1. For region 169-191, check the following and say yes or no: at least one residue is outside any helix (DSSP H, G or I) and either touching a helix residue (DSSP H, G or I) at 6+ places or on another chain (Cβ under 6 Å) or free of Cβ contacts under 8 Å to residues at least 24 places away in the same chain (or both).
2. Which of the following residues is of a type outside the set (S, T, N, Q), touching a helix residue (DSSP H, G or I) at 6+ places or on another chain (Cβ under 6 Å) and under 28 Å from Met127 (Cβ atoms): Val53, Val24?
3. Show the residue pairs that are 6+ apart or on different chains and have beta-carbon atoms under 7 Å apart, the first residue being within region 14-30 and under 14 Å from Phe108 (Cα atoms), the second being surrounded by 14 or more Cβ atoms within 10 Å (Cβ to Cβ) and among the β-branched types (Val, Ile, Thr).
4. Can you tell me which of (1) assigned to a helix (DSSP H, G or I); (2) touching a residue at least 24 places away in the same chain (Cβ under 8 Å); (3) within 25 Å of Glu190 (Cα to Cα) is the one Lys34 doesn't meet?
5. When you go through Val209, Val170 one by one, which is the residue that is modelled with pLDDT of 95 or more and of a type in the set (A, V, I, L, M, F, W, C)?
6. State all residues of region 77-102 that are of a type in the set (Val, Ile, Thr), part of a helix (DSSP H, G or I) and buried (at least 16 other Cβ atoms within 10 Å of the Cβ); if no residue qualifies, say none.
7. Tell me which residues, restricted to region 178-217, are polar (S, T, N, Q) and farther than 17 Å from Ser121 by Cα.
8. In region 27-45, what count of residues is obtained for those that are surrounded by 18 or more Cβ atoms within 10 Å (Cβ to Cβ) and small (Gly, Ala, Ser)?
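The values are calculated or read from the model by the stated rules, or taken from the named source; none is laboratory data. Please read these numbers as outputs of a predicted model, since none were measured by experiment. So basically every Cβ, Gly included, is an ideal-geometry build from the backbone, and we count neighbours across all protein chains shown.
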Amino acid sequence: MPINLPSLTLLVILAVAALVAAPVLIKGFCRRGKGVKYEKDFLIQRAPQLMSVFTIFLLVVTGLIYNGIINAPGVVPFVVLTTGKNPTGFPLFMSWFGIVILLSGLIFMIGGWYSLGEMFSTDAEVMEDHKVRDTGLLSFVMHPAYSGIIQSLLGASIVLVSPFCILFTVAMVAPLWLRRAKYEEQLLIEALGEPYKQYAQNMGWRRLVPRFFPIGV
């Protein structure tokens, strides 16, 4: 059974993003655990990652239901607003709006990784000869990759018009990444001192929401 156009667009965008992200992500994974300061706490390191992966699993199931590939009438009211190959009206508007959020998220996530360069690791840690980075997307928000992960999951949830996935992303995933961001800042302040504090102050301590927005964390 063919999937609807917003869902197909979602898959194409994710495929292209995976190709673009692969080189920097592989390097970041290879650096994992090799920093001079490393946190082993599960809630800091693994919980945000695992909850993000679990959200992706939820989105896959939701996408199958949304496109009518899985027939689950008793589940639909709790997962998606509607199902069918050709959504119209508000669900269709929501789906395309979600595509915009998804694109923004992928730009911030992948761009954040590239902006960090050799300082990027898939875990929260301080690398050897770590330096303050304030270029690229790091000039807009302190943790562009974390912001991008949240935006991407939220955008995909909106594409699939799933209130459940939207709520899960906002209530579960986002707080975990925010917690990790705050802890990472403590590591960097201890390691880099005043230069990192100055960078954070210049950014207005905007961890996840770019400073060109009037409000945010």
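1. Checked against the condition, which is being outside any helix (DSSP H, G or I) and either touching a helix residue (DSSP H, G or I) at 6+ places or on another chain (Cβ under 6 Å) or free of Cβ contacts under 8 Å to residues at least 24 places away in the same chain (or both), region 169-191 yields no hits at all.
2. Selected residue: Val24, the only one of Val53, Val24 that is of a type outside the set (S, T, N, Q), touching a helix residue (DSSP H, G or I) at 6+ places or on another chain (Cβ under 6 Å) and under 28 Å from Met127 (Cβ atoms).
3. Qualifying pairs under 7 Å: Ala17/Ile110; Val20/Ile110; Ala21/Ile110.
4. With respect to (1) assigned to a helix (DSSP H, G or I); (2) touching a residue at least 24 places away in the same chain (Cβ under 8 Å); (3) within 25 Å of Glu190 (Cα to Cα), Lys34 is out only on (1).
5. Sole residue among the options that is modelled with pLDDT of 95 or more and of a type in the set (A, V, I, L, M, F, W, C): Val170.
6. Within region 77-102, Val79, Ile99, Ile101 meet the criteria.
7. Answer for region 178-217, where residues must be polar (S, T, N, Q) and farther than 17 Å from Ser121 by Cα: Gln198, Gln201, Asn202.
8. Matching residues across region 27-45 total 2.
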